[in-house]
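The values are calculated or read from the model by the stated rules, or taken from the named source; none is laboratory data. Because the structure is predicted, anything quoted here is derived from the model rather than measured. Surface accessibility is based on the protein's heavy atoms, side chains included, excluding ligands, DNA and RNA. Shrake-Rupley method; radii C 1.70, N 1.55, O 1.52, S 1.80 Å.
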Amino acid sequence: MEEDKTSFGIRIRDSLGKELDKIVEESKYLDVSRSEVVEAILIAFFRSDVDHGERVRELVIKKRKDKL
């Protein structure tokens with residue numbers, strides 16, 4: 001059974017957008033969209049065996065210090 005979906009806008013670095021577009025282009029045979037790729041990345045992240053809140057806080061701090 002498919003879950004309901006939520007739409008929201010995000011802003012990302014241009015370099016991340018280019019990486020995202022590269023994945024979409026490389027996956028043309030799947031007819032995949034940016035949204036589908038982002039959702040797959042989020043699913044993989046949240047299903048991983050880490051403390052998600054702690055990992056996100058760590059990444060945000062690194063990003064703000066330009067170390068990411």
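Quick notes on this structure:
- Against the main long axis of the alpha-carbon atoms of the chain, helix 14-26 sits at an angle near 30°.
- Size of the chain from its Cα atoms: along the principal axes, largest to smallest, the extents are 37, 31, 22 Å.
- Note on Glu58: accessible area approximately 70 square angstrom, rounded to 10, probe 1.4 Å, nucleic acids and ligands left out.
- Note on Lys67: accessible area is roughly 150 Å² with a 1.4 Å probe, heavy atoms of protein only.
- Within the assembled protein chains, the solvent-accessible surface assigned to Arg55 is about 90 Å², based on a 1.4 Å probe.
- Rounded tilt (10° steps) of 52-64 against the dominant C-alpha axis of the chain: 80 degrees
- Acute angle (nearest 10 degrees) that the helix 34-47 long axis makes with the longest principal axis of the chain, alpha-carbon atoms: 50 degrees
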